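Scroll down for the structure; my scribbles are underneath it.
The values are calculated or read from the model by the stated rules, or taken from the named source; none is laboratory data. The structure displayed is predicted, hence computed values, not measured ones. Cβ atoms come from the backbone with ideal geometry, glycine included; neighbour counts cover every protein chain shown. Only protein heavy atoms, including side chains, enter the accessible area calculation; ligands, DNA and RNA are left aside. Shrake-Rupley method; radii C 1.70, N 1.55, O 1.52, S 1.80 Å.
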Amino acid sequence: MLAVEKRPTTLAQRCCCYVNQTAHFQVLRIVNIPYFYFERAVFPGQQLLFETPPTAQIEVYTGSPMSAMLSDRFPCTQLFI
């Protein structure tokens, strides 16, 4: 008989949409979910679709790729589609 590995139960993921409405390079990070890594570069005018647990918190860093500063922090619930 074949053994099947069971994964731990996780929160249902939700689809989110973020649009960089600035003229600057941005980096999005999810920071509060253990064992969940999410970091994406978003260029000016770019739309980013992604899935994340509903309790996730987003941090937005704005600036150049070498010197981005934290510019915003908010719950992913604001990005659900």
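Summary table below
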{"item": "Cross-chain or 6+ apart pairs with Cβ under 9 Å, the range 36-65 first and small (Gly, Ala, Ser), then assigned to a strand (DSSP E or B) and exposed (fewer than 11 other Cβ atoms within 10 Å of the Cβ)", "result": "GLY63/MET69"}
{"item": "Qualifying residue in the range 57-69 (condition: open to solvent by 40 Å² or more (accessible area, probe 1.4 Å), within 11 Å of the chain's Cα centre (by Cα) and over 16 Å from ALA12 (Cα atoms))", "result": "no"}
{"item": "Subset of the range 32-53 [under 16 Å from CYS15 (Cβ atoms), in a strand (DSSP E or B) and either touching a Pro at 6+ places or on another chain (Cβ under 9 Å) or open to solvent by 100 Å² or more (accessible area, probe 1.4 Å) (or both)]", "result": "ARG40, GLN47, LEU49, GLU51"}
{"item": "Residue match in the range 7-15 (condition: open to solvent by less than 60 Å² (accessible area, probe 1.4 Å) and either at pLDDT below 95 or assigned to a strand (DSSP E or B) (or both))", "result": "yes"}
